[in-house]
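Visitor: Have a look at this one.
Just so it is clear, none of the values below were taken in a lab; they were calculated from the coordinates. All values reported here derive from a predicted model rather than from experimental measurement. Every residue, glycine as well, gets a Cβ built from its backbone with ideal geometry; the counts of neighbours run over all protein chains shown.
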Amino acid sequence: MRRLLIAALLSLPLAACDREVGYSPILNSEPAADSVQTRMPRTLRLYYSALPDVERSSLRLIGPEGDIPLRGLHNMAADDLMIEILEPLANGDYAVHWTAVVADDPDEYSGVVNFSVELGACAVGIRESENSLSPRPWPVD
Ligand SMILES: [Cu+2]
């Protein structure tokens, strides 16, 4: 009898949380989880199983030097969250920390998507010339 009671008590928390254990509404992301980006990412986009509530959701991008400024969290064209990255990303490891409330689900979910940036010398060169404010010298033949 006592043994049964203990077993019942032990199983209670598990039973109560059964549906929630390991569940997350996130389906996919751009950049993809654990990907290596060889082109500069300009936006973050996370896909969910239902429409995220922008007002109750948030994204942070943390890189080697800390927080990267982001702007304009919105739903794009799917059950997604999208935001603009305001700074060029240096090579290194990045983590997207997300919090989302989706559709009628009362729970707040959160997670982390990791990716890394590895731009070659060529891509870095293009980026610098794009950002350069000085006029390009006129070609002289
Ligand atoms: Cu968008």
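Visitor: Can you give me the Kirkwood hydrodynamic radius for segment 23-128, using every pair of distinct Cα atoms, in Å to one decimal?
Guide: Kirkwood radius, segment 23-128: 14.2 Å.
Visitor: Going by how many other beta carbons lie within 10 Å of each one, how would you line up Tyr109, Tyr48, Tyr94, Tyr23, fewest first? Mind dumping the intermediate values first?
Guide: Values: Tyr109 18, Tyr48 25, Tyr94 21, Tyr23 12.
Final ranking by Cβ density, sparse to dense: Tyr23, Tyr109, Tyr94, Tyr48.
Visitor: Here's another thing I want to ask about it. Modelling each spin label as a point 7 Å along the Cα-to-Cβ direction, I'd like the His74/Thr99 distance in nm, to one decimal.
Guide: Computed distance between label sites His74 and Thr99 equals 2.3 nm.
Visitor: Within a Cβ distance under 12 Å of Gly63, other residues only, what is the Lys/Arg minus Asp/Glu net charge? Write down the numbers at each step before the final one.
Guide: Numbers: positive: Arg60; negative: Glu65, Asp67, Glu87, Asp93.
Local net charge: -3.
Visitor: Under a plain spin-label model, where a point goes 7 Å from the Cα along Cα-to-Cβ, how far apart in nm are Val54 and Asp67?
Guide: My value for the distance between the label points is 2.0 nm.
Visitor: Net charge within 11 Å of Asn28 by Cβ-Cβ distance, Lys/Arg positive one each and Asp/Glu negative one each, not counting Asn28 itself?
Guide: Taking every Cβ under 11 Å from that of Asn28, the sum is -2.
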